[in-house]
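*Asks:* Supplied in structure tokens, the structure appears directly below.
Read-outs: derived from the displayed coordinates by stated rules, not from any lab. As the structure is a prediction and not an experimental result, all values here were calculated from the model. Virtual Cβ from ideal backbone geometry, glycine too; neighbours counted across all protein chains shown.
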Amino acid sequence: MSMGKFRPNLVISDWDETITVHDTIQNVAQVPYIANPNLEPKFSHYSKIYIDNYASYESQFGPLEKLNDYVRFQKGMRPIEMSSISALEKDLIFKGLKPDQFREQAIDVVLRPGVIEFIKMCQEEKIPFIILSVNWTSLIIEQVLKMHGVEEINIITNEFEFHDGETTGFWLSDQVVRTSEDKLRFVKKLAKGEDKVMYIGDSLTDLLPILFVKYPCAIENTKLNNFLSIMKIDHVTGNWLDFIEKVETK
């Protein structure tokens, strides 16, 4: 997008591979197996459930050619996303874990250059910065940010249910962020009718919110950026340092 500088009233960002270099759901997934190396089934079993369901959905859906095809595809993703989640809950893989066991995984998370500077700029400018993620817990996200000197960030993601300080093996059902449609629902709610919303993402799970906001941004060299470019959809592309340059400061 060849727009000049702009000043959003709200910034919403994805987490995995947008703020981070790598997907961190794997870091969450390791926790029960670190706690109990003999735990069965191994996580690869649940990954296969997801991959098989996704492949089946993709083959049955038909050709993806127009933008509307991709929108419809994303809107039908809930059963696929829930297939592995339901299996993990059924087998109570995440039962009996303490918050610190998740927080310890934060040490392995690598952030994209410039993102902490961007968040701190938003805080200085009094522009709300919200993380909206399909991740499985905010515990690692919160700890990573804390390690980088960033606190008091609103994080909206899925959360484990705890009882007496330990996970029950289930996720809370009152805040569900599994699909692009879920993300769009939260973005609309957070925007409160305000049109000057900046959204930053990297994958097609970010597609619906990206199409909704006034300032859509995609991390360079990602699936989302490539898709938006092919579809000739106006958007800002670059890295976090580029995004800093785009935001008009007071």
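*Asks:* Looking at Ile155, Ile141, Ile130, Ile116 in this structure, which one is touching a helix residue (DSSP H, G or I) at 6+ places or on another chain (Cβ under 9 Å), of a type in the set (Val, Ile, Thr) and over 29 Å from Pro32 (Cβ atoms)?
*Replies:* Ile116
*Asks:* Another one. If I filter region 172-199 down to residues being touching a helix residue (DSSP H, G or I) at 6+ places or on another chain (Cβ under 7 Å) and of a type outside the set (D, E, K, R), which single residue comes out as farthest from Asp91 (Cα to Cα)?
*Replies:* Val197
*Asks:* How about region 97-120: which of its residues are touching a strand residue (DSSP E or B) at 6+ places or on another chain (Cβ under 7 Å) and within 17 Å of Phe43 (Cα to Cα)?
*Replies:* The one that is touching a strand residue (DSSP E or B) at 6+ places or on another chain (Cβ under 7 Å) and within 17 Å of Phe43 (Cα to Cα): Leu97.
*Asks:* For the subset of region 225-250 comprising residues that are outside any helix (DSSP H, G or I) and acidic (Asp, Glu), which member is surrounded by the most Cβ atoms within 10 Å (Cβ to Cβ)? So that I can check it myself, show each step before the final result.
*Replies:* As a first pass, look at region 225-250 and keep what is outside any helix (DSSP H, G or I): 231-239, 247-250.
So of that shortlist, the ones also acidic (Asp, Glu) come out as 234, 248.
Working: Asp234: 9, Glu248: 11.
Filtering region 225-250 for residues that are outside any helix (DSSP H, G or I) and acidic (Asp, Glu), the one surrounded by the most Cβ atoms within 10 Å (Cβ to Cβ) comes out as Glu248.
*Asks:* Moving on. Only one of (1) surrounded by fewer than 18 Cβ atoms within 10 Å (Cβ to Cβ); (2) touching a strand residue (DSSP E or B) at 6+ places or on another chain (Cβ under 7 Å) fails for Lys183. Which number is that?
*Replies:* Result: Lys183 fails condition (1) only.
*Asks:* Examine region 23-44 for a residue that is more than 17 Å from Leu208 (Cβ to Cβ), free of Cβ contacts under 8 Å to residues at least 12 places away in the same chain, touching a Phe, Trp or Tyr at 6+ places or on another chain (Cβ under 9 Å) and assigned to a loop (DSSP other than H, G, I, E, B), and state whether such a residue exists.
*Replies:* Checked region 23-44: at least one residue is more than 17 Å from Leu208 (Cβ to Cβ), free of Cβ contacts under 8 Å to residues at least 12 places away in the same chain, touching a Phe, Trp or Tyr at 6+ places or on another chain (Cβ under 9 Å) and assigned to a loop (DSSP other than H, G, I, E, B).
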